[in-house]
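These notes are about the structure you will find just below.
The values are calculated or read from the model by the stated rules, or taken from the named source; none is laboratory data. Note that this is a predicted model, so its numbers are computed, not measured. Neighbour counts are summed over all protein chains in view; Cβ atoms, including those assigned to glycine, are modelled from backbone coordinates with ideal geometry. These area figures cover heavy atoms from the full protein model, side chains too; ligands, DNA and RNA do not enter into them. Shrake-Rupley method; radii C 1.70, N 1.55, O 1.52, S 1.80 Å.
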Amino acid sequence: MADQAFRLAMDFPASVAGLIVMDGIPIFEILSRADWRFAKSWFRWFFFAQSEKAEAAIQTRPDLWCPAESADGEENRADYLAATRNPAVVRGMLADYQAGLEFDYDDDRRDKEAGRRIKCPVGVLWSRYDDMESLFGDPATRWTGWTDQIALRHGIASGHHMAEEAPDEVADQLRLFFCRDALTSDPSHKVAAGGKPRQRSATKLIGEASIDL
């Protein structure tokens, strides 16, 4: 989740070499700009934050709230269905939304007022076929108040699930970002001999994109 990766980069700057956010901007920026269009498109945020009521609704009609088509691929779909039909998983998911409105916003606000900024290079990827651009314009501009080091900004030709819908494009952008010599001295992040990026799996790259310790 972009919120957790952002918080790690803010709170543990010495441990984070680079941060890529995918379809995310700080929750302070989101809620400060929330209007009727945002509420209409992202109503689930506010409903899910009412955890007890939302949990009852989801457990009653899981196929309505968490349909199978929300996940791409047979194996992904099976894992998704098993997880979202597990009451403990649903409870944890809702707690994350609740924390976003009750704690994360205040943490962001305090950082903003104190002038704290992200210390590492930041990459911003967003889905061109979702609603990030229509709601927030260029998503990368929403990060300029939090960092002076936007090293990558790129719209992915996909819907919200960019890693599943456009894995090659996502992997290429992650490789471009994490292979920067200035990012880290770790040889696994440098460009391999011959000038070509070291070949690594999309799963490995996506894991590093959230937080690189």
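I need the full set of residues from the stretch 87-105 which are open to solvent by 50 Å² or more (accessible area, probe 1.4 Å) and without any contact (Cβ under 8 Å) to a residue 12 or more places away in the chain, in order please.
Within the stretch 87-105, Ala88, Val89, Phe103 qualify.
Out of the stretch 57-82, which residues are surrounded by 10 or more Cβ atoms within 10 Å (Cβ to Cβ) and among the acidic types (Asp, Glu)?
Scanning the stretch 57-82 gives Asp63, Asp72, Asp79.
Restricted to the stretch 107-118, and to residues that are assigned to a loop (DSSP other than H, G, I, E, B) and more than 13 Å from Ala5 (Cα to Cα), which residue is least open to solvent (accessible area, probe 1.4 Å)?
Ranking the candidates gives Gly115 first.
Filter the stretch 135-183 for residues that are of a type in the set (S, T, N, Q), closer than 30 Å to Glu74 by Cβ and open to solvent by 10 Å² or more (accessible area, probe 1.4 Å) and give the result.
Within the stretch 135-183, just Gln173 meets the criteria.
Being farther than 21 Å from Asp23 by Cα, free of Cβ contacts under 8 Å to residues at least 24 places away in the same chain and assigned to a helix (DSSP H, G or I), is that true of even one residue in the stretch 136-152?
no
Any idea how many residues of the stretch 1-46 are open to solvent by 10 Å² or more (accessible area, probe 1.4 Å), within 15 Å of the chain's Cα centre (by Cα), of a type in the set (A, V, I, L, M) and under 18 Å from Leu94 (Cα atoms)?
Count: 2.
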